[in-house]
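Here's a structure for you.
The values are calculated or read from the model by the stated rules, or taken from the named source; none is laboratory data. On a predicted model such as this, the values are computed, not experimentally measured, just so you know. All Cβ positions, glycine included, derive from the backbone under ideal geometry; neighbour counts span all protein chains shown.
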Amino acid sequence: MRTAIILLVLVAFASVPGSLVPQRSSDPNGVIVFRDTNPELFRFYDSIQLFDTFTSVWFSSIYLLLFISLIGCIVPRSLYHWRILRAEPADEPASWVRLPFRRAEPATGGTVAALDRAEGALRKAHYRVVRNDTSIRAEFGYLRETGNLVFHVALVGILATLAVTGGFGWSGQRVIIEGQTFTNQLASYDSFHPGSWFNEQQLEPYGVTLESFTPEYTKDAVNDAWMPIDFTAKVSVTEGNAMREVVLKVNDPLVAGNSQMYLLGNGFAPVITVRDPQGTVVFDQPVVFLSQDSNLTSVGVVKVPDGLSEQLGMQGFFYPSAVDLDSGALSSNNPEPTNPTVTLNIYTGDLGLDSGVTANVFQLPVESLTQIAGRLTGTDVVLTPGDVFQLPGGLGSIEFTSLRRFIGVEIRHDPTQLGVAVSTFFVVAGLLASLGTRRRRVWIRVRGTARRRELEWGGMSRGDDPRLDASLDRLVGKTLSSAAAKMRGK
Amino acid sequence: MTNNLESISLIATYSAMAVYTLAFILFTVDLAGRAATDGQSKPTRWLHSAIAVLVLGFAIHFGAVITRGISAHRVPWANMYEFGLTATLVLVGVFLGINIWRDVRFVGAFVSGFAILALGIVAVNFYVAVSPLPPALQNYWLVIHVCVAVLGTGFFATGAALSASQLFQQSREEGKLQTRSWRFLSAFPSSETLEALAYRIIVIGFVFWTFTVIAGAIWAERAWGRYWGWDTKEVWSFIIWTLFAGYIHARATRGWRGRPAAILSLIGFSAVVFNYGIVNVFFKGLHAYSGL
């Protein structure tokens, strides 16, 4: 037990860095920001695995020690308890004087009848009873230790479930634009986190098409800001030959195949059309702009590697409800598209897409490119739907054609859920059973002279038991009242 | 109408604080009165008034919570202000409830003092007007998860008050703290009784906290796609759970009963306070619903 206390306190303290330092598992961006602002400290922290606290060697070793000590405790206790469960109630103590509960009552109707009544009352109260001619041994509350053991075994069950099934899980993120279809295969994911034993066969084939996404906002009068109150994504799911319409909402995931899809984010995807000087369309697709604030001012990058005489890159802002600020800059004052506007900085040069290195779709290598339009070039590019901008030097034209919305979803298969849920159920059941049960022992013996026999009750409890006296008094009382009833009956 | 109720709620909150202050004074006067009659631990007549005033404060406080809930059209525990408001109510309620089961009026000064402090901090620093819920919070798990968290917090707070008294009482029993100003401790039961009381109350808090973590995990699975992800709030809930698990073990281990166990209980409750007051405000994470 001493080891358990020390290890429990150690686990608690070892968890603290996991909340102070950004974790790769829960806050990967925080880790990147930390690296950029504190490169020196980052190296030190990283060397002691502070960014992966809960999978680190030191944290793992503490909880593994805790579980080893737990198992080392459970096994002998279970064996012992198994013997106790099959054993008879304990023998009466050598000295009755030290028993916390003692009471003597006349053996009304003879000792045999009195012992019968006592035995009946004890059995009715679920005591385990051994009766002799002149004495009774009884014990109650085996559930206390049983529950305690179930609780601890179930904790091991949680850990075992995680260890055995955790590796088969996977999760991935994907942005789906209105009208787009996501098909569940590895290549369709924007990012994917496989468990250590993942294989591609685990991805069951299905398709999810985003038909529409409708957010609802309300003006918070106090903070004078728009707040979302509802997000509704209408999707159609195709599995095999069956197609169904489903509403996907926050707190209401979609189940498809062996995985679940969660609605986590949303934003705007302006459709950008680029034409060459002859008017032939060389690029025409919705481009995801990531929102930066509650009024959905968003940033995005457009890359047009082919079709024009030079590679074209654009970096810009999207404002759902653009208004002019005093400074001349634009701002959005509403998350709904009342005045959708795109502003762009346009570059030419090598976009770096042919080098074979995977490029981040949200980054443009502007240092190696030449800006030809936009901020600080004298020709601002500010487009509302239908606006066309002619690129300088007769390169072609850019149009903000229309506007669509997108949703960000997380798709996840977590095989640990069932085992953890079942184990957790037993954790709670064991805890409640153990804490709600008192371990009590009762002995009864016959005393007194031949003329005036009486039953002497003795009782004790293992552990704190403020209600021992009250409970046993009630038990004794029952035998008396049933004796009185019998007497009256005669 | 809604705004009206909201301001009624705030007025009621401040009134409850005023009434609690009166109760606190009465509890203190009672303790001082007992200290004066050295060795005697009979309650003075002030104690009855103290409890009566505390019940009145509780009623007003209850009104503040109810009107807040009605004006918001939802359960009154969706941001830090509301959580603090409701948790303090539960703390006072738990204290009053325990008194039906067993006389623990001697910690009344602790409890009412803590309630005043907590309400004051919450009302002054965390107050926010009623605002609609973001989609992630529009779920019945908000009712369950936060409700059991509030209950757990209430029991842990009462347990902490008892553990603190236990520490002082134990020092006094060992011959320390014999000056006049500590004589009020003679009104308290023995440190052993205090420890047994604290244990029973903290165990109930522990059960509620276990439910808080489980309900939170189930909700997190629905809302965020995973039941456990070591979000800062999850980390601290885990820390609290382990600390109190340690406390429960300490109570059953020779050499750890008494002072070490009480200190663990106080560390555990500090973690609860830290989780609410510091993690919500200064740490970033998914539980960023504090509304500040």
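Picking from A:347, A:319, which residue would you name as being hydroxyl-bearing (Ser, Thr, Tyr), more than 20 Å from residue A:293 (Cβ to Cβ), out of contact with any Phe, Trp or Tyr (no Cβ under 9 Å at 6 or more places or on another chain) and surrounded by 15 or more Cβ atoms within 10 Å (Cβ to Cβ)?
A:347
Scan the range A:302-316 residue by residue and report those that are surrounded by 22 or more Cβ atoms within 10 Å (Cβ to Cβ) and either at pLDDT 95 or above or closer than 14 Å to residue A:283 by Cβ (or both).
Selection gives A:302, A:312, A:313, A:314.
What about residue B:219, is it more than 7 Å from chain A (Cβ to nearest Cβ) and part of a helix (DSSP H, G or I)?
Answer is yes for this residue.
Do the conditions hold for residue A:462, that is, is it within 25 Å of residue A:121 (Cα to Cα) and either within 13 Å of another protein chain (Cβ to nearest Cβ) or charged (D, E, K, R) (or both)?
yes
What residue, among those in the range A:426-438 that are more than 9 Å from chain B (Cβ to nearest Cβ) and not in a loop (DSSP other than H, G, I, E, B), is surrounded by the most Cβ atoms within 10 Å (Cβ to Cβ)?
So, considering only residues that are more than 9 Å from chain B (Cβ to nearest Cβ) and not in a loop (DSSP other than H, G, I, E, B), the one surrounded by the most Cβ atoms within 10 Å (Cβ to Cβ) is A:430.
If you don't mind, there's one more thing I want to ask. I'm checking my understanding of the structure. Among residues of the range A:352-371 that are among the β-branched types (Val, Ile, Thr) and farther than 28 Å from residue A:337 by Cβ, which one is nearest to the chain's Cα centre (by Cα)?
Going residue by residue through the range A:352-371, those that are among the β-branched types (Val, Ile, Thr) are A:357-358, A:361, A:366, A:370.
Those left that are additionally farther than 28 Å from residue A:337 by Cβ: A:357-358, A:370.
Working: A:357: 35, A:358: 31, A:370: 47 Å.
For the range A:352-371, the residue satisfying everything is A:358.
So residue A:441 passes all but one of these: (1) surrounded by 16 or more Cβ atoms within 10 Å (Cβ to Cβ); (2) in a helix (DSSP H, G or I). Which condition number does it fail?
All conditions pass for residue A:441, except number (2).
I would also like to ask the following. If a residue has to be modelled with pLDDT under 85 and touching a Lys or Arg at 6+ places or on another chain (Cβ under 6 Å) to count, how many in the range B:1-37 make the cut?
1
Next question. Among residues belonging to the range A:18-51 that are within 9 Å of chain B (Cβ to nearest Cβ) and part of a helix (DSSP H, G or I), point out the one that is surrounded by the fewest Cβ atoms within 10 Å (Cβ to Cβ).
A:20
Tell me which residues, restricted to the range A:225-256, are more than 14 Å from chain B (Cβ to nearest Cβ), of a type in the set (Asp, Glu) and under 27 Å from residue A:415 (Cβ atoms).
A:239
What are the residue pairs meeting all of these: first residue in the range B:180-209, first residue within 12 Å of another protein chain (Cβ to nearest Cβ), second residue surrounded by 22 or more Cβ atoms within 10 Å (Cβ to Cβ) and basic (Lys, Arg), Cβ atoms under 6 Å, and 6 or more apart or on different chains?
Listed by first residue and then by second, the contacts come to B:199/B:251.
Listed residues A:270, A:253; which is in contact with a Phe, Trp or Tyr (Cβ under 7 Å, 6 or more places away or on another chain), modelled with pLDDT of 90 or more and closer than 30 Å to residue A:398 by Cβ?
Among A:270, A:253, only A:270 is in contact with a Phe, Trp or Tyr (Cβ under 7 Å, 6 or more places away or on another chain), modelled with pLDDT of 90 or more and closer than 30 Å to residue A:398 by Cβ.
Within the range B:138-154, restricting attention to residues that are of a type in the set (A, V, I, L, M) and buried (at least 19 other Cβ atoms within 10 Å of the Cβ), which residue is farthest from the other protein chains (Cβ to nearest Cβ)?
B:150
Among (1) surrounded by fewer than 19 Cβ atoms within 10 Å (Cβ to Cβ); (2) outside the structural domain of residue A:238 (by TED's automatic domain parsing); (3) closer than 27 Å to residue A:174 by Cβ, there is one condition residue A:324 misses while meeting the rest; what is its number?
(3)
Also, I was wondering about something else. I want to confirm something. Restricting to the range A:186-224 and keeping residues that are aliphatic (A, V, I, L, M) and part of a strand (DSSP E or B), which single residue is nearest to residue A:411 (Cα to Cα)? Full working, then the answer.
First, pick out the residues of the range A:186-224 that are aliphatic (A, V, I, L, M): A:186-187, A:203, A:208, A:210, A:221-222.
So of that shortlist, the ones also part of a strand (DSSP E or B) come out as A:208, A:210.
Numbers: A:208: 11, A:210: 15 Å.
Checked the range A:186-224; the qualifying residue nearest to residue A:411 (Cα to Cα) is A:208.
Does any residue in the range A:21-37 that is over 14 Å from residue B:229 (Cβ atoms) and outside the structural domain of residue A:48 (by TED's automatic domain parsing) come within less than 8 Å, Cβ to Cβ, of a residue that is modelled with pLDDT under 90 and not in a helix (DSSP H, G or I) six or more places away or on a different chain, and which pairs are these?
So the pair list comes out empty.
Just one of (1) surrounded by fewer than 18 Cβ atoms within 10 Å (Cβ to Cβ); (2) over 30 Å from residue A:231 (Cβ atoms) trips up residue A:408, so point out which.
It is condition (2) that residue A:408 fails.
Among the strands (runs of 3 or more DSSP E) lying completely within the range A:247-307, list those that include at least 2 residues that are in the same structural domain as residue A:392 (by TED's automatic domain parsing).
A:259-275, A:281-286, A:298-304
Still on this structure: Could you go through the range A:393-404 and let me know if any residue there is of a type in the set (A, V, I, L, M) and either within 14 Å of chain B (Cβ to nearest Cβ) or more than 38 Å from the chain's Cα centre (by Cα) (or both).
Within the range A:393-404 (the criterion being of a type in the set (A, V, I, L, M) and either within 14 Å of chain B (Cβ to nearest Cβ) or more than 38 Å from the chain's Cα centre (by Cα) (or both)), the answer is yes, since at least one residue qualifies.
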